[in-house]
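Chemist: The structure that follows is given in the form of structure tokens.
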Amino acid sequence: MGEGDLGLWTVLLAMIGGAIRVSTPFIFVSLGECLTERSGRINLGLEGTLVFGAMSGYAVAYETSSAWAGVLAAALAGTVFGLFHGWVCKLPRVNDIAIGIALMLLGMGLAFFFGKPYIQPVAPDLPAIPLGFWSSSPQVEAALRVNVLFVLGIALAFFIAWLFRSTRIGLVIRVVGDSSDAARAMGISVDRVRLLATAAGGALAGIGGAYLSLYYPGSWNEGISSGQGLMAVALVIFARWNPVNCIWAALLFGAAGALGPALQSIGISKGYYLSYAAPYVLTLILLIATSSTTRAVRCAPGELSITK
Amino acid sequence: MTGTKAIGVETLHMTKRFGDFTALDDVSIKVAPGSFHALLGENGAGKSTLVKCMMGFYQPTSGQMLVDDREAEIRNPREAHASGLGMVYQHFTLVPSLTAAENLVIAREDTPSVIDWKKERERLQAFLETMPFGVALDQPVNRLSAGEKQKLELLKQLYLGRRFLILDEPTSVLTPSEADELLGMVRDLTRAGALTCLMISHKFREVTAFADAVSVLRRGAHVGGGRVSELSHADMAAMMIGDKTLTRSAARSGQRGDVVLSLEGISAADRSGLKTIDVESLRVAAGEVVGIAGVSGNGQMELMEVLTGQRPVSRGSVSVKSVTFRGTRRQARDLKVRFLPEEPLQNACAGRMSVAENLAFRSFDLKDKANMNGKATRTWLDRAAMRRLAVNLVDAFKVKTASIESPIASLSGGNVQRAVLARELSDEVDLLIIANPCFGLDFSAVADIRARIMAARNAGAAVLLISEDLDEILELSDRVLVMSEGRIAYETPIATLDVGELGRHMAGHA
């Protein structure tokens, strides 16, 4: 095995490991966004929810010494943000996109304000499953340490897909997202369904944030999110509003995000900032490649304000 | 399910006021069980207010309702449904991305929280076997044709156990043969005693062919009715319109001139991107109206977009007076091409800008207002001239608006249509391209707009009329083309036109 080979293998392994590690918050946030958007509303505030979730999860985990209590707290905080978004959007003449941006800034601001005392202390980490136990290579072992939340996220994606297909709640969400007139004719309260869908979406984004501060990178600071909450919106479009596709999209983005650190680990530091920008470049390329000048986005929920 | 027997409904002295406005004035109508009853009236005559009161969307100011001869108070649509009353709306209430089966199951009051699709499918199949017609259960609704959607709406109501159905212009989006098929099914169900039907309609032909009885509303009042077999079209029209005189389309005059618009070997992708629109050759000459008939979604809108330059073509060319036409504003001005797209508020207006500004869109940047062909443009707007133009056009085209400074979106549909037509016809026109100009407008607005189109033709304009309303095509066109599956499937001069033949080509199985 030559030196070049080893470098390539290291990069690939690091990218697989990175994909698994980095994609988890993407999975959660994009599933949350998917749920919200399928109900016909778009929540751009998930970035703020994510950061606040990261802070509150870390703080509660530190205070209670339980990482899972932290995850729960983050989910609760996310629910509150989602409920607030849903409630404000119920008012007449309110635009969901503008409210989302306001909430994004509010969430980040609040998180930085309350999070100041928690930058130094060390909170417990979330447990991981060592799927690489069979290998003697430390790199393989490191790459295959899979966090419980990753597994939960994948299960959740399949659960949400099943929810949309075979439950009344799922069908109601799809009806509301596709045609609010039809929903009203059926006597479904459109605003309430959207409120709850946004709240659930917020909870998932909060969990995504808790993963950031409690597992990878695993500490709380103000630069903890690198726009995962915003990129989830692009990711959901790329996944064509399909929860199971969200997994693949998240893994792809995760792998792209891991490219920078992976290259660095084998000593390639030239174009450091460029390789770190890979996920953003990928976002742009995907959106351009899947766009069309002559037709609206396919599979998009009919009531979504960006596709109307 | 509520039962399998048709129920009768009767309104007694029903009145509905909105503030000072009386929408419904002492209306008493009896719909006997198992009958097919038609409700006629112009737009704004109170038909929809009446059925909304029956369905519990509105509470009548006074008067009452009898369901199966028992007094019934219906406070909301849910109570109407519980009494076995249902309504099929003009616009589809099916959810487009859900399959037919999903639509039926979710519409039920008692949808289980976890749906066992195997069991539900068996139940649906069993239900469909008792019906005179079926639909594909696994197709998403947005892939069904308009006729299939309307059938599914009807099936949905029957599936939900409704035995008194209100149909709100159920055939407005169907081909003549689809309409006949659907209404025939409804009639068979009423004859069998399984259903009572109250149909809102504008089409006398359908009323005489299918309905048993008719009631006519005018300005909120019940002005007449009776057994259909005892009434002629003229009687019904007289009751509907009252003493109003209508603008008749001016007689045809003038000679057919040179070819103005010509399309050669056009090919473009359709909206789904899966099929193509292919028009081998289409020519429109000065002084003629060429009507393009067809069921919605057969490529007419894509053709319109090709003509306006909104849709790229992969092959072929559009030329106006032998010049290749690219749909730019400059070219439209130089070649005197004018457009009236469908839904003009969305497609030809800036809704929040004023009526005056919207009317000036064609000319606001020209130095010489009187001469649209002047090339010189201006930097500073002449608002006084824009106002003068607007006052003149509003007056000439009878646009009803509170003020020329009102936002155009505040006008009613007919007046938006008139305003856009005023703008597009305000100067010399050599080519007029129109899509569905009268969709959703009332009787008198329709007559007025058609007369304007006819006048433009008689003045020597070439007119291309794309319409889903066959009556409109037949009234205005000199030559009729049928578009089906993205192609021109049939062409005939109006003199030798056979409606049956036309319908077969529209339905795509000629």
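Bear in mind that the values in this text are calculations on the coordinates, not laboratory data. Note that this is a predicted model, so its numbers are computed, not measured. Ideal geometry is used to build each Cβ from the backbone, glycine not excepted, and the neighbour counts take in all protein chains shown.
Chemist: Rounded, prolate or oblate: pick one for the range B:9-241, where a ≥ b ≥ c are the square roots of the eigenvalues of its C-alpha gyration tensor, a/c under 1.5 means rounded, and failing that, prolate if a/b is larger than b/c, else oblate.
Modeler: In terms of gyration-tensor shape, prolate.
Chemist: Cα axis of helix B:146-159 to longest principal axis of chain B: angle in degrees, 0 to 90, nearest 10?
Modeler: The answer is roughly 20 degrees.
Chemist: On to the next question. Between B:Arg123 and A:Phe159, what's the calculated FRET efficiency when r is the beta-carbon distance and R0 is 41 Å? Round to 0.05.
Modeler: Here the calculated transfer efficiency is 0.95.
Chemist: Average partner chain C-beta neighbours within 10 Å, per residue of A:159-166?
Modeler: Mean partner shielding for this stretch: 1.
Chemist: With labels modelled as points extended 7 Å from the Cα through the Cβ direction, what inter-label distance (nm, one decimal) is found for B:Gln346 paired with B:Glu491?
Modeler: 3.1
Chemist: Shifting gears a bit: Over the Cα atoms of the range A:1-146, Rg to Rh with Kirkwood Rh, two decimal places?
Modeler: 1.10
Chemist: Report, as an integer, the average count of C-beta atoms from other chains found within 10 Å of each Cβ along B:105-111.
Modeler: Taking the mean over all residues of the peptide, I get 4.
Chemist: From the residues A:Ser66, A:Ala98, A:Gly45, which one has its Cα farthest along the dipole of the range A:3-289 in the positive direction, the dipole being from +1 and -1 charges on Cβ of Lys/Arg and Asp/Glu about the Cα centre?
Modeler: With unit charges placed on the Cβ atoms, the residue in question is A:Ala98.
Chemist: Continuing with the same structure: Sorted by average packing, counted as other Cβ atoms within 10 angstrom per residue and highest first, what order do A:130-140, A:114-124 take?
Modeler: A:114-124, A:130-140
Chemist: List the GluC sites (Glu not before Pro) within the range B:47-95 that DSSP assigns to loop and that have no more than 12 neighbouring Cβ atoms inside 10 Å.
Modeler: Those satisfying the criteria are B:Glu73.
Chemist: According to the square roots a ≥ b ≥ c of the eigenvalues of the Cα gyration tensor, what is the shape class of the range A:86-208, taking rounded for a/c under 1.5, prolate for a/b larger than b/c otherwise, and oblate for the remainder?
Modeler: Judged from the Cα gyration tensor, the range A:86-208 comes out oblate (a/c at least 1.5, b/c at or above a/b).
Chemist: Would you tally the net charge around B:His81, using a Cβ to Cβ cut-off of less than 15 Å, leaving B:His81 out, and scoring K and R as +1, D and E as -1?
Modeler: Charge balance in the 15 Å sphere: +3.
Chemist: Please report the base-10 log of the normalised intensity I(q)/I(0) for the range B:114-254, using a Debye sum with one equal scatterer per alpha carbon and no solvent, at each q in 0.09, 0.11, 0.19, 0.21 (1/Å).
Modeler: Those come out to -0.39, -0.54, -1.19, -1.35, one per q.
Chemist: Taking only DSSP H segments of four or more residues, each worth -39500 (n - 2.57), what value at 222 nm results for the protein assembly as shown once the sum is divided by all its residues, to the nearest 500 deg cm²/dmol?
Modeler: It lands at -14500 deg cm²/dmol.
Chemist: Also: Taking 0.36 nm per residue of separation and subtracting the Cα-Cα distance, what length does fully extending B:Phe361 through B:Asn458 add?
Modeler: Between B:Phe361 and B:Asn458, full extension yields 32.4 nm more.
Chemist: Separate question: Where does each of A:Ser39, A:Ser180 land when they are ranked from fewest to most other beta-carbon atoms within 10 angstrom? Mind dumping the intermediate values first?
Modeler: Values: A:Ser39 30, A:Ser180 19.
By the 10 Å Cβ count, ascending: A:Ser180, A:Ser39.
Chemist: Calculate the tail of P(r) for the range A:188-308: the fraction of all Cα-Cα distances greater than 18 Å, expressed in %.
Modeler: 63
Chemist: Could you compute how fast the range A:10-84 diffuses translationally, taking Rh as the Kirkwood radius over C-alpha pairs and applying Stokes-Einstein at 4 °C with viscosity 1.567 mPa s? Give it in µm² per second.
Modeler: Roughly 95 µm²/s, to the nearest whole number.
Chemist: Can you give the percent of C-alpha pairs in the range B:1-101 whose distance is more than 23 Å? Each step should come with its number before you reach the end.
Modeler: Numbers: 1492 of 5050 pairs.
Above the 23 Å cut-off, the range B:1-101 has 30 percent of its Cα pairs.
Chemist: Give the separation of the Cα centroids, the range A:55-95 to the range B:402-428, in Å.
Modeler: Their Cα centres are 50 Å away from one another.
Chemist: Right, next: Among A:Gly271, A:Gly17, A:Gly32, determine the one that fluctuates most according to a GNM of chain A built with springs between C-alpha atoms less than 10 Å apart.
Modeler: A:Gly271
Chemist: Follow-up question, since we're still on this one. How big, in percent, is the set of alpha carbon pairs in the range B:190-229 lying more than 16 Å apart?
Modeler: Beyond 16 Å sits 39 percent of the P(r) for the range B:190-229.
Chemist: Sticking with this one: Over the range B:253-406, what number does the Rg to Rh ratio reach, with both radii from the alpha-carbon atoms and Rh per Kirkwood?
Modeler: Using only Cα positions, Rg/Rh for the range B:253-406 is 1.01.
Chemist: In peptide A:167-175, what is the residue-averaged number of other protein chain Cβ atoms found within 10 Å of each Cβ?
Modeler: Numbers: counts 5, 9, 3, 5, 8, 2, 0, 5, 8.
Mean number of neighbouring Cβ atoms from other chains: 5.
Chemist: Now for a different question. Does anything in the range B:1-40 have its amide N under 19 Å from the 7 Å Cα→Cβ label point of B:Arg191, and if so which residues?
Modeler: B:5-7, B:32-38
Chemist: Using the number of other C-beta atoms within 10 angstrom as an exposure proxy, rank A:Tyr211, A:Tyr280 with the fewest first.
Modeler: Fewest-to-most ranking of A:Tyr211, A:Tyr280: A:Tyr280, A:Tyr211.
Chemist: Another question about this same structure. What is the helix-to-structure angle for B:413-425, meaning the angle in degrees between its Cα long axis and the longest Cα principal axis of chain B, kept from 0 to 90 and rounded to the nearest 10?
Modeler: In chain B, helix B:413-425 runs at an angle near 20 degrees to the longest axis.
Chemist: Before anything else, pin down the relative contact order of the range A:3-289: Cα pairs under 8 Å, at least 6 apart, normalised by residue count, whole percent.
Modeler: On the way: 543 pairs, mean separation 105.9, N = 287.
Once divided by the residue count of the range A:3-289, the mean separation gives 37 percent.
Chemist: Now for a separate question. Which log10 I(q)/I(0) values, to two decimals, does the protein assembly as shown give at q = 0.09 Å⁻¹ under the Debye formula with one point per Cα?
Modeler: Scattering profile of the protein assembly as shown, log10 relative to I(0): -1.04.
Chemist: Another question, then. Could you work out Rg/(2.2 N^0.38 Å) for the range A:231-294, with Rg from alpha carbons only?
Modeler: The value comes to 1.26.
Chemist: May I ask for the angle, rounded to the nearest 10°, between helix A:278-289 and the longest principal axis of chain A, with both axes built from Cα atoms and the value confined to 0 to 90°?
Modeler: 40
Chemist: Identify the residues of the range A:112-148 with backbone N under 16 Å of a label point that sits 7 angstrom from the Cα of A:Thr64 along the Cα-to-Cβ direction, or state none.
Modeler: Correct set: A:123-127.
Chemist: Let me ask another. Given that compact globular proteins tend to follow 2.2 N^0.38 Å, what is the ratio of the alpha-carbon Rg of the range B:349-427 to that value?
Modeler: 1.03
Chemist: Give the shape of chain B as rounded, prolate or oblate, defined through the alpha-carbon gyration tensor: a ≥ b ≥ c are the square roots of its eigenvalues, a/c under 1.5 means rounded, and otherwise the shape is prolate if a/b is larger than b/c and oblate if not.
Modeler: In terms of gyration-tensor shape, prolate.
Chemist: Taking the number of other C-beta atoms within 10 Å as the exposure measure, put A:Asp191, B:Asp69 in order starting with the fewest.
Modeler: Ordered from fewest to most neighbouring Cβ atoms within 10 Å, A:Asp191, B:Asp69 come out as B:Asp69, A:Asp191.
Chemist: List, in the order given, every pair from B:Lys16/B:Lys156; B:Lys30/B:Lys52; B:Lys118/B:Lys156; B:Lys5/B:Lys118; B:Lys203/B:Lys398 whose Cα-Cα distance in the structure shown is over 24 Å.
Modeler: Checking Cα-Cα distances, B:Lys16/B:Lys156; B:Lys5/B:Lys118; B:Lys203/B:Lys398 exceed 24 Å.
Chemist: A further question follows. Tell me, what is the FRET efficiency for B:Thr208 and B:Ala32 to the nearest 0.05, using R0 = 22 angstrom and their Cβ-Cβ distance as r?
Modeler: Computed FRET efficiency for B:Thr208 and B:Ala32: 0.75.
Chemist: Now a separate question. Stretch B:Ala409-B:Arg388 to full length: gain in nm at 0.36 nm per residue minus the Cα-Cα span?
Modeler: 5.5 nm
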